[in-house]
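K.L.:
Quick one: the structure is below, questions incoming.
Each value in this text was obtained by applying a stated rule to the coordinates, not by laboratory testing. Being a predicted model, the structure only gives us computed values, none of them experimental. Cβ coordinates were reconstructed from backbone atoms using ideal geometry, including for glycine residues, and neighbour counts include every protein chain displayed.
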């Protein structure tokens, strides 16, 4: 499953230096963090609306958009999707309540 995410991350990384006229990702990265954040917020809102509309395939489609734009945001900060996957793996098996409490203490 994470192989697809890694492949997408590699494409995003390869677009960092690309001409903004030739790549949507290059345009986002060129316009900077505010533009990327606006897209993440927009996509998050669309996920919420798709859920309220009953979910299904439309929710999957909008979630894919949100994940993609979140990956662009990670790349903007020099981070990669593998780091998020590693964090999720670290949390696996932990009580959600205990993990949340640990974050609040630190």
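K.L.:
Relative contact order, percent, of the chain when contacts are C-alpha pairs under 8 Å separated by at least 6 residues?
P.N.:
27 percent
K.L.:
Which value in deg cm²/dmol, rounded to the nearest 500, describes the helix-derived mean residue ellipticity at 222 nm for the chain, given -39,500 (n - 2.57) per DSSP H run of n ≥ 4 and division by the residue count?
P.N.:
When only DSSP H runs of four or more count, the value is -25000 deg cm²/dmol.
K.L.:
Something else now. Pull out the extension gain between residue 48 and residue 30, defined as 0.36 nm times the separation in residues minus the alpha carbon to alpha carbon distance; nm, one decimal. All intermediate terms of the calculation are to be shown ahead of the outcome.
P.N.:
On the way: separation 18, 0.36 × 18 = 6.48 nm, distance 2.78 nm.
Here the segment from residue 48 to residue 30 would lengthen by 3.7 nm.
K.L.:
Figure the gain on full extension for residue 6 and residue 102 (residue separation times 0.36 nm, minus the Cα-Cα span) and round it to one decimal in nm.
P.N.:
Going from the current span to full extension adds 31.6 nm.
K.L.:
Hey, another quick one. Can I get the semi-axes of the chain's equivalent ellipsoid? Compute them from the C-alpha gyration tensor as square roots of 5 times the eigenvalues, in angstrom, largest first. Display every interim value, and only then the final one.
P.N.:
Working: eigenvalues 135, 75, 40 Å².
Here the semi-axes work out to 26, 19, 14 Å.
K.L.:
What FRET efficiency, computed as 1/(1 + (r/R0)^6) with R0 = 30 Å and r the Cβ-Cβ distance, is obtained for residue 86 and residue 57, rounded to the nearest 0.05?
P.N.:
After rounding, the FRET efficiency stands at 0.55.
K.L.:
Could you rank the peptides 50-60, 35-45 by their average count of other C-beta atoms within 10 Å per residue, with the highest value first?
P.N.:
Highest to lowest by the protection proxy: 35-45, 50-60.
K.L.:
May I ask you to sort 22, 2 by Cβ crowding, counting other Cβ atoms within 10 Å and putting the fewest first?
P.N.:
22, 2
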